[in-house]
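Reviewing the structure listed below.
The values are calculated or read from the model by the stated rules, or taken from the named source; none is laboratory data. This is a predicted model, so every value here is computed, not measured. Methodologically, a virtual Cβ is constructed for each residue, glycine included, from the backbone with ideal geometry; neighbour enumeration extends over all protein chains shown.
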């Protein structure tokens, strides 16, 4: 078996057997310029003929999609956070700021996790019928959404975002991120697929063949990001294909094409990584110290993502795992353990019948 | 998908909606009552009732799960039991065949065949596209325990089936082609039974790898213990069936195996429930925690019963039933604990955050991925 086939840095297409594979293609999603327009969600649905995911008001800021599902291959997350006025004052002139005494567009450190704790708790308790399995389910621990919970009256909030229980109002910011399948170097979904329905393309992406998938559901448990999902009534697993059909015709994926701010950038992964590093340096230079890259590192637990992100807060705030690891990393160890258990069992049966030198 | 299909799906959804959707305001009422319950819980917690496990502080996206909960239904939990039962029953049958215990042999072979049939049903029934079950046979893929298991189960099925068929030889006529089969079947059955003996342990333990080879925190972290739990649980269950069906003169081996299997199951399960930190918690709380406590009681009672019931047919059968029940409960409890751990972002975020922080002092950038 070639080196790093299960874990570690790797160029996935040649590893999958492609000769003369084109450069690995991917997405760099720069959340610092996302305006939350959801054009990516719409373009994806239009191009890929993805069914509707149900209309509902989730109470999660402007996010009524809820998450990535079999029927939503792009998902724009919205996070409302208070920012401290003092911190802004320390920073002097507004970075990327607006007119007059308006706070900068994104600056300062969040003081708590959300700007309107009561609406966050409401959002956490709300599930949504997306026509998929498991789809978008309510959070089991709503308190995790808002440590400082106040009495929530259940009505659409009449208070402004950032309003504290005492009536005082903080400044706040919105974090917006267009989430998508990560097209991992070591893809948990692909590794566990028992039918070969999931495969590695020549572009290094991961795609489900709909005519092969028999809906066993293993990929759904195998994904450390919670991306792939099963469509109800259809039974098969669906996720982002990175517009494999468009790539083969040398076209940009639909979401990147539709993005009006170039928050979603598409291109050869090497080039995107360079661009991301430059962008990060720029943001750090202007004082946006909370900016960090997520999924760009080939040394991480999944060997680096084909679709990676620039975030302005911890990954878990966006619903991303902080340190994902492909389960396959431990597969050799798991087979060895199973082998030991199997031998133990065989020995136990043999001893039970033959006895240890005596018969009862 | 054609436009017509999409249209019909839309109509279905529309016609489902009045029944499927809760009445207006229902979600608000549920939310209010959950809030009240939640606050009550918090007060009690402060009172020190749950001081054992400190409340994990973590951040998340509106408290929602990071992972997708496994979409497998209880078919798969049932298969974990029937697959293990088939495997260990075949092994007992082979042992009984070689040591001249005819009733135990017949019981083992027929139990194995029945459990195999049930396993096949459960596995195919759980697929999103059951009619495509044979797509599993397109590939053989060592990174997918489900693919490996498909081939193990297929090979095992042929042999266990042949061994079980041999039990029907005495029903065939003495003469003719069928008479030949009557004479050939027993030795063929013995050979097939021995092959099934060799395939039994892999069949009983690969399912543990299948659960652990997922991102589900409480399954993946249990990877060093689950194969032993499953090997023990399968041995105990099949021994239990032997204790129920075989006469006292033949049950010596299954008593010993039942006790050994139960001990292995209980010891490994203890590690699963207590040695994995936060991700052990789902095995102790909720409905699955109750299932696993019941499983422990049944398995322990069955093992003790198997030891003391050498002279009583009734007590032997009761002990056997307890061992079988313990195995069923163990499998369902483990299955549900994994699902619970995927549902709550706490079990995903907190251990990963701790991992990052443990790495932070020696490495000053975040991307480092040690093991």
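Each residue in segment A:296-340 was checked for being outside any helix (DSSP H, G or I) and at negative phi, and 24 of them qualify.
Going by the conditions given, is residue A:212 closer than 20 Å to residue A:41 by Cβ and facing another protein chain (nearest Cβ under 8 Å)?
Working: closer than 20 Å to residue A:41 by Cβ: no; facing another protein chain (nearest Cβ under 8 Å): yes.
It is false that residue A:212 is closer than 20 Å to residue A:41 by Cβ and facing another protein chain (nearest Cβ under 8 Å).
Checking every residue in segment B:237-252 against the condition of being within 7 Å of chain A (Cβ to nearest Cβ), buried (at least 24 other Cβ atoms within 10 Å of the Cβ) and in contact with a helix residue (DSSP H, G or I) (Cβ under 6 Å, 6 or more places away or on another chain) gives zero matches. Taking the criterion of being surrounded by 22 or more Cβ atoms within 10 Å (Cβ to Cβ), in contact with a strand residue (DSSP E or B) (Cβ under 9 Å, 6 or more places away or on another chain), over 18 Å from residue A:50 (Cα atoms) and touching a residue at least 60 places away in the same chain (Cβ under 8 Å), would at least one residue in segment A:235-255 satisfy it? No; the residues of segment A:235-255 include none that is surrounded by 22 or more Cβ atoms within 10 Å (Cβ to Cβ), in contact with a strand residue (DSSP E or B) (Cβ under 9 Å, 6 or more places away or on another chain), over 18 Å from residue A:50 (Cα atoms) and touching a residue at least 60 places away in the same chain (Cβ under 8 Å). For segment B:158-182, enumerate the residues that are surrounded by 11 or more Cβ atoms within 10 Å (Cβ to Cβ) and over 21 Å from residue B:104 (Cα atoms). Within segment B:158-182, B:172, B:178, B:179, B:180, B:181 meet the criteria.
Each row is one residue, and each column tells you yes or no for (1) modelled with pLDDT under 95; (2) in contact with a strand residue (DSSP E or B) (Cβ under 9 Å, 6 or more places away or on another chain).
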{"site": "A:29", "(1), (2)": "no, yes"}
{"site": "A:49", "(1), (2)": "no, no"}
{"site": "A:56", "(1), (2)": "yes, yes"}
{"site": "A:60", "(1), (2)": "yes, yes"}
{"site": "A:66", "(1), (2)": "yes, yes"}
{"site": "A:86", "(1), (2)": "yes, no"}
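A Cβ distance below 7 Å, combined with a sequence gap of six or more or placement on separate chains, defines the contacts here; from segment B:197-224, residues that are on the phi < 0 side of the Ramachandran plot and more than 7 Å from every other protein chain (Cβ to nearest Cβ) reach residues that are assigned to a loop (DSSP other than H, G, I, E, B) and surrounded by fewer than 24 Cβ atoms within 10 Å (Cβ to Cβ) in the pairs B:221/B:276; B:222/B:276. Residue A:263 satisfies every condition listed in (1) touching a helix residue (DSSP H, G or I) at 6+ places or on another chain (Cβ under 8 Å); (2) without any contact (Cβ under 8 Å) to a residue 24 or more places away in the chain except (2). In a residue-by-residue description of segment B:120-131, the property of being in contact with a strand residue (DSSP E or B) (Cβ under 9 Å, 6 or more places away or on another chain) and within 14 Å of another protein chain (Cβ to nearest Cβ) applies to at least one position. The residues of segment A:294-332 that are more than 7 Å from chain B (Cβ to nearest Cβ) and over 26 Å from residue A:203 (Cβ atoms), listed by number, are A:312, A:313, A:332. Looking at (1) assigned to a helix (DSSP H, G or I); (2) within 30 Å of residue B:288 (Cβ to Cβ), find the lone condition where residue B:222 falls short. Unmet condition: (1).
Would you confirm whether any residue within segment B:153-162 is within 14 Å of chain A (Cβ to nearest Cβ), touching a helix residue (DSSP H, G or I) at 6+ places or on another chain (Cβ under 6 Å) and either under 18 Å from residue A:220 (Cβ atoms) or in contact (Cβ under 8 Å) with a residue 12 or more places away in the chain (or both)?
Within segment B:153-162, the first condition is being within 14 Å of chain A (Cβ to nearest Cβ), and the residues that meet it are B:153-154, B:156.
Among the residues that remain, those that are also touching a helix residue (DSSP H, G or I) at 6+ places or on another chain (Cβ under 6 Å) are: B:156.
So of that shortlist, the ones also either under 18 Å from residue A:220 (Cβ atoms) or in contact (Cβ under 8 Å) with a residue 12 or more places away in the chain (or both) come out as B:156.
Yes, segment B:153-162 has at least one match.
Here segment A:347-360 is the region considered, the condition is being modelled with pLDDT of 95 or more and surrounded by fewer than 18 Cβ atoms within 10 Å (Cβ to Cβ), and the residue that is farthest from the other protein chains (Cβ to nearest Cβ) is A:347.
Scanning segment B:297-317 for residues that are within 18 Å of residue B:267 (Cβ to Cβ) and surrounded by fewer than 20 Cβ atoms within 10 Å (Cβ to Cβ) yields B:297, B:300, B:301, B:304, B:307.
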